[in-house]
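The values are calculated or read from the model by the stated rules, or taken from the named source; none is laboratory data. The model shown is predicted, which means the values in this text are computed figures rather than measured ones. As a convention, Cβ positions derive from the backbone with ideal geometry for all residues, glycine included, and neighbour counts pool all protein chains shown.
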Amino acid sequence: MRKFNFLLTDDEEVALLGLEEGVDWERLNADKIYKCHSKDTAIRMLKTYDIDIIITDIEMPNGNGIELIRWLYDNKPYVKSIFYTGHAEFSYAQEALRLGVEDYLLKPIPYNELETIIEKIEKKILLEDKQVDFSELAMDTIKESPEKIVDQVKKLIAENLSVGNLQRDELAAMVHVSSGYLGRIFKKETGYTISDYIVKKRISVSKQLLSKTSLSVTDISSRVGFSYSSYFTKTFKEHTGQTPQEFRQQNKL
């Protein structure tokens with residue numbers, strides 16, 4: 001019978017103990033259960049151990065759970081993730097789901113519901129175990145150069161920037177290569193992961209729209225792929241040090 005390895009991440013030891021004791025891990029075919037208290041430690045453990053499912057709090061010291069999930073998306077997309085939070089802030093959930101999180105829960109964690117989610121994920125993993133990635137097997141038949149493939153992907157990103165859930169798997173399918181291969185060559189050619197490049201492009205285009213048009217911030221956020229203007233404002237400020245309104249006031253042509 002297939003066994004599963006789990007990584008539990010929370011900065012509060014009592015929360016980790018609650019997960020350990022509140023979930024029937026034996027029934028869920030758990031093999032090893034690793035624990036850690038920060039994003040950086042979680043990444044080190046993901047690099048060291050063969051993890052199937054990570055369950056993480058959204059708020060941690062030295063980086064939040066979204067940053068951890070973004071790292072997973074770029075480096076270990078096959079690891080399944082569940083996150084939980086004490087805040088009913090949908091923008092967090094939206095970003096996490098965009099990055100491939102399987103599900104999310106609000107604290108206090110309903111352990112029965114968590115077990116149901118884990119069971120569904122385990123079934124999904126079992127199905128994926130049976131599949132063969134023919135794209136990887138046929139990698140030596142790819143005729144396009146990495147540079148040309150990356151240029152095609154950049155063009156696709158620019159043309160589909162308003163699509164909020166633009167994912168690497170979809171882009172890879174459009175250029176007929178595997179997701180893993182695309183991730184590797186894109187980082188090598190541009191210096192950016194695909195998810196970071198998409199955010200960078202969204203911020204760049206939004207700057208142009210803010211300075212050259214009179215579109216509202218809500219309209220601009222939608223045009224560059226954000227469903228919620230509040231999350232757009234938060235992301236914009238993280239990358240520029242200014243809110244969209246402040247940037248517009250200083251750069252309006």
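What number of residues within region 205-223 are basic (Lys, Arg) and loosely packed, with under 13 Cβ neighbours inside 10 Å? Of the residues in that region, 1 qualify.
For the residues VAL205, VAL199, VAL224, VAL217, the requirement of being in contact with a Pro (Cβ under 7 Å, 6 or more places away or on another chain) and among the aliphatic types (A, V, I, L, M) singles out VAL217.
Inspect region 151-159 for any residue being in a helix (DSSP H, G or I), farther than 23 Å from GLU95 by Cβ and of a type outside the set (Lys, Arg) and give the result as yes or no. Taking every residue of region 151-159 in turn, at least one turns out to be in a helix (DSSP H, G or I), farther than 23 Å from GLU95 by Cβ and of a type outside the set (Lys, Arg). Regarding region 168-183, can at least one residue be identified that is among the hydrophobic types (A, V, I, L, M, F, W, C), modelled with pLDDT of 90 or more and outside any helix (DSSP H, G or I)? Looking for residues that are among the hydrophobic types (A, V, I, L, M, F, W, C), modelled with pLDDT of 90 or more and outside any helix (DSSP H, G or I), one finds none in region 168-183, hence no. For region 195-253, a residue qualifies if it is touching a residue at least 40 places away in the same chain (Cβ under 8 Å) and in a loop (DSSP other than H, G, I, E, B), and the qualifying residues are VAL224, GLY225, PHE226, SER227, TYR228, LYS252, LEU253.
Pairs are defined by a Cβ separation below 6 Å, a sequence spacing of at least 6 or placement on different chains, a first member in region 66-82 that is assigned to a strand (DSSP E or B), and a second member that is modelled with pLDDT under 80; no pair meets this definition.
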